[in-house]
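Participant: Structure below; questions to follow.
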Amino acid sequence: MASGQHNLTASTILVVDGDAVRRDTVLEAFAAAGFTEVFSALDRDQAKELVSTRAVDAVVYTLTGREELSGTSGSDLLALGAQAVKRMPLIVACEEGAGLQVEALAAGAEDYMEYPFEPAVLVHRVGKLIELDVLHQEVCHENEI
């Protein structure tokens, strides 16, 4: 599919956040931007169950502390949807300080935002990551040809 033909708002987004208020704010921001395939999970275990049955284009994962990153590698964090997609854009929105940013990126995050964040900016950045992923897939396909 050519990048001009990709319907960004039809992308499947998974929001993983145990905080109902924050999760609803993110879900509402995606809905307001016209995204129609957005669903949520309370934690990584529930997210793994959800992605076992549906493909995911992007994950918005909210970490609440370093303990969620301890012992993880990029493959562990991205394994959330490894069976559903080849490459998954992932944003980590975090409540902790800037020190966690480096750890989150090292653990496989494609992008990072500090909490509190502007929901519209989060939606925009997720959209750009999905667009980049679509272009990456197109280049890979063209290279195969």
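The values are calculated or read from the model by the stated rules, or taken from the named source; none is laboratory data. Worth saying up front: this structure is predicted, and the values here are computed from it rather than measured. Here the Cβ is made from the backbone with ideal geometry for all residues, glycine too, and neighbour counts use every protein chain on show. In case anyone asks, the SASA skips ligands and DNA or RNA and just uses the protein heavy atoms, side chains included. Shrake-Rupley method; radii C 1.70, N 1.55, O 1.52, S 1.80 Å.
Participant: In nanometres, what is the gap between the two model label sites at Ala10 and Thr36, each 7 Å from Cα along Cα-to-Cβ?
Facilitator: For Ala10 paired with Thr36, the spin-label model returns 0.8 nm.
Participant: Tabulate in residue order the Karplus-calculated ³J(HN,Hα) for the stretch 128-138, using 6.51 cos²θ - 1.76 cosθ + 1.60 with θ = phi - 60°, rounded to whole Hz; enter x for Gly and Pro.
Facilitator: 3J(HN,Hα) across the stretch 128-138, in whole Hz: 5, 5, 5, 4, 4, 5, 4, 4, 4, 5, 5.
Participant: What ³J(HN,Hα) values, in whole Hz, does the Karplus curve 6.51 cos²θ - 1.76 cosθ + 1.60 give for the stretch 108-118 when θ = phi - 60°, with x put for Gly and Pro?
Facilitator: Once θ is set to phi - 60°, the couplings for the stretch 108-118 become x, 5, 7, 8, 8, 9, 7, 9, x, 10, 7 Hz.
Participant: Quick one: accessible surface of Ile145, probe radius 1.4 Å, all protein chains present, in square angstrom to the nearest 10.
Facilitator: My reading of the accessible area for Ile145 is about 140 Å².
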